[in-house]
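Okay, so here's the structure we're looking at.
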């Protein structure tokens, strides 16, 4: 079940007796919790941590009557702590768990869900594992252990495109408009982490006062935005604009920005530009579609930057640029480098 489907059910008032929230996407988890809290009276929330208590104790709480509310929301974090460990866990069998869970495995929960308490909703939060890589198998173990819960919500991370769309929606709800370039910068700077983006949108909404928010506003208010001037340097070098590049480099040096960060972005941009040239991609739309088919996150503004770089540099020049980036990176790693001099020399060679 998706978060959107879950929110729609909660809005209709069809709250299930138990929910299992799987995944690390904090933004959707927060939205679901807020939606549930809105359906329950005050003082209806009880929280348990299965790293400190047992699953059986949380289930016993769900069975008990409350003096303060007939309808109750019981939120249980660290649901993974109840999973059995050791050889029994590897065999997929129930057994004793370490930490907060004791004996009985998931049996108390399965027995409870055959006859759940009216008006009580149990929510188990399993946020430790993701859906990819080594976590995938562990995620399946969590799902299997809590198999008695019929309503399982998969909280998958937002992709860049989805994060970009949600960023615009968050800005609209906050009462202001983000310039497209500013929205692209915010998503790129915060790694498409929509939970962090939502916090920054809230701050920007207070700052903007209803007016349009641009790139300079992002640089001023978002501390983790990897510095707007870093992106400006990357763009200026991508256009082979020596004067502007040196001006921006001066700003970066005075602000004490970590200069190897700019080289990391430049390396990525020039490598993608070289790929685009070798693949014969002419437009930003072709570049965006090509890299997305390869599974590389790409949105419009980023594709425009790569297209500009590919247009300004021939393939041999792009290869030379990548070598210059390597040399500059090595220079910055010397025992006692002057970062500014190393970067100035790099800019002069690249834009020659």
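The values are calculated or read from the model by the stated rules, or taken from the named source; none is laboratory data. A quick note: this is a predicted structure, and the numbers were derived from the prediction, not measured. Positions of Cβ are backbone-derived with ideal geometry, glycine not excepted, and every protein chain shown enters the neighbour counts.
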| query | Are any residues in the stretch 84-117 modelled with pLDDT of 90 or more and in a loop (DSSP other than H, G, I, E, B), and if so, which ones? | reply | 115, 116, 117
| request: Provide a single number: the residues in the stretch 144-171 that are closer than 16 Å to residue 81 by Cα and surrounded by 15 or more Cβ atoms within 10 Å (Cβ to Cβ). | output: 2
| query | Quick one: which strands (runs of 3 or more DSSP E) sit completely within the stretch 1-82 and have at least 1 residues that are surrounded by fewer than 17 Cβ atoms within 10 Å (Cβ to Cβ), assigned by TED's automatic domain parsing to the domain that holds residue 147 and touching a helix residue (DSSP H, G or I) at 6+ places or on another chain (Cβ under 7 Å)? | reply | 45-49
| query | Which residues, taken from the stretch 150-182, are assigned to a loop (DSSP other than H, G, I, E, B) and under 15 Å from residue 27 (Cα atoms)? | reply | 155, 156, 157, 158, 159
| message | Quick check on the stretch 199-217: of everything there that is crowded, with 19+ Cβ neighbours inside 10 Å and farther than 14 Å from residue 301 by Cα, which residue is modelled with the lowest pLDDT? | response | 217
| task | Residue by residue through the stretch 183-196, note down the ones that are free of Cβ contacts under 8 Å to residues at least 40 places away in the same chain, in a helix (DSSP H, G or I) and within 20 Å of residue 31 (Cα to Cα). | result | 196
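One line per residue, one yes/no per condition, for (1) surrounded by fewer than 18 Cβ atoms within 10 Å (Cβ to Cβ); (2) outside any helix (DSSP H, G or I):
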{"position": "248", "(1), (2)": "no, no"}
{"position": "263", "(1), (2)": "no, no"}
{"position": "281", "(1), (2)": "no, yes"}
{"position": "289", "(1), (2)": "yes, no"}
{"position": "306", "(1), (2)": "no, no"}
{"position": "310", "(1), (2)": "no, no"}
{"position": "329", "(1), (2)": "yes, no"}
{"position": "341", "(1), (2)": "yes, no"}
{"position": "344", "(1), (2)": "yes, no"}
| task | Give the residues of the stretch 133-164 that are farther than 23 Å from residue 105 by Cα and either at pLDDT 90 or above or within 14 Å of the chain's Cα centre (by Cα) (or both), sorted by residue number. | result | 155, 156, 157, 158, 159, 160, 161, 162, 163, 164
| note | The residue from 308, 317, 269 that alone is closer than 25 Å to residue 349 by Cβ and without any contact (Cβ under 8 Å) to a residue 12 or more places away in the chain is 317
